[in-house]
Amino acid sequence: MIKVAVLGAKGKMGSQTCQAVEAAEDCELVAALDQGDELTRLTEAGAQVVVDFTRPEVVMGNLAWCIEHGIHAVVGTTGFDEERLATLRTQLEASPGTGVLIAANFSIGAVLMMQFAAQAARYYESVEIIELHHPDKVDAPSGTARRTAELIAEARREAGAGSIPDATSTGLDGARGADVDGIRVHGVRLRGLVAHQEVLFGDTGETLTIRHDSMHRESFMAGVLLGVRRIVDTPGLTVGLEHFLDLS
Ligand SMILES: NC(=O)C1=CN([C@@H]2O[C@H](COP(=O)(O)OP(=O)(O)OC[C@H]3O[C@@H](n4cnc5c(N)ncnc54)[C@H](OP(=O)(O)O)[C@@H]3O)[C@@H](O)[C@H]2O)C=CC1
Ligand SMILES: O=C(O)C1=N[C@H](C(=O)O)C[C@H](O)C1
């Protein structure tokens, strides 16, 4: 049995994760912590793996504590940039047996969408990303959109692609979305939505749209449990659930 604790347990993702861990035959939910709870409860409960679905402003503190105490972490919370990842790598050097998985999105379909987008990137002159989420989401653009943009930008650089054409010279601030690594990202917040993304590619005479929809938070649970099962044997930092999937 893998002893699992959830941080952010009263939240939308945390509560779903508690249910999924309790239903998994090879996992035991040993602690469910939320805002105001002491992290010492993790060691008291003997947690081997922590699943973090909290907030970008608190996740780094949680991870520093877990790494220091040799507790593996599966992290869905957003807000990770290169600087944060570098900090985690340094912290993990001092705790060599500990593993941390940072996954922008635990839905298998979303992981495939990012992979397909990276594959398509080299073939199209134009690309833009539209992410669509529920209005209670605290960050924009989504972690998934950021990661998708980074993967596309990397693929374009490797292929020697130039900058994306855009003749806009006047207009309102924000009308062309945010610039993530040279890729335009647009965010929609709409009651009724959960988590959705479209990646639009275009070239002369054709477009390609890759779309993924999470209609329910259950869609993330298979990926979360995969992360829990794999991280106990994967020391160091893993960025992206794709590393735990056989995509060949
Ligand atoms: N990787 C993925 O597949 C997915 C990632 N996410 C990401 O996960 C994060 C959480 O999303 P969601 O569940 O919708 O958000 P919620 O706001 O519903 O849940 C966050 C929970 O964490 C609690 N919390 C805040 N600070 C702490 C703390 N220091 N220790 C423990 N708990 C704390 C909050 O309490 P309070 O409300 O009192 O502040 C709240 O209960 C976001 O970054 C989101 O983008 C979401 C979906 C999928
Ligand atoms: O906050 C959410 O809901 C989600 N957050 C993650 C993100 O920012 O990419 C994953 C998914 O899009 C749902």
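Miscellaneous remarks
- Test: residue in the stretch 135-144 that is in contact with a His (Cβ under 7 Å, 6 or more places away or on another chain), hydrophobic (A, V, I, L, M, F, W, C) and within 14 Å of ligand 1 (Cβ to nearest atom): no
- Filtered residues of the stretch 92-127 (kept if open to solvent by less than 60 Å² (accessible area, probe 1.4 Å), among the β-branched types (Val, Ile, Thr) and more than 10 Å from ligand 1 (Cβ to nearest atom)): Thr98, Val100, Val127
- Within the stretch 128-144, residues that are within 12 Å of Arg191 (Cβ to Cβ) have Cβ atoms under 8 Å from residues that are near ligand 1 (Cβ under 8 Å from one of its atoms) and open to solvent by 30 Å² or more (accessible area, probe 1.4 Å) in these pairs: Asp136/Lys12, counting only partners at least 6 apart in sequence or on another chain.
- Residues of the stretch 63-86 satisfying the condition of being within 14 Å of Gly99 (Cα to Cα) and in a helix (DSSP H, G or I): Leu63, Ala64, Trp65, Cys66, Ile67, Glu68, Leu85
- Selected residue (only one of Arg89, Arg84 is modelled with pLDDT of 95 or more, open to solvent by 30 Å² or more (accessible area, probe 1.4 Å), more than 14 Å from ligand 1 (Cβ to nearest atom) and of a type in the set (Lys, Arg)): Arg89
- Unmet criterion (only one of (1) part of a helix (DSSP H, G or I); (2) under 13 Å from Gly227 (Cα atoms)) for Val100: (1)
- The set of residues in the stretch 66-81 that are open to solvent by 20 Å² or more (accessible area, probe 1.4 Å) and of a type in the set (Gly, Ala, Ser) comprises Gly70, Gly79.
- Hits in the stretch 1-57 (condition: more than 21 Å from Ser219 (Cα to Cα), open to solvent by 50 Å² or more (accessible area, probe 1.4 Å) and either free of Cβ contacts under 8 Å to residues at least 12 places away in the same chain or more than 18 Å from the chain's Cα centre (by Cα) (or both)): Met1, Lys3, Gln35, Gly36, Asp37, Glu38, Thr40, Arg41, Thr43, Glu44, Gln48
The values are calculated or read from the model by the stated rules, or taken from the named source; none is laboratory data. Remember, predicted model here, so these are calculated numbers, not experimental data. Positions of Cβ are generated from backbone atoms using ideal geometry, with glycine treated the same way; all protein chains shown enter the neighbour counts. We work out accessible area using only protein heavy atoms, side chains counted, and drop any ligands, DNA or RNA first. Shrake-Rupley method; radii C 1.70, N 1.55, O 1.52, S 1.80 Å.
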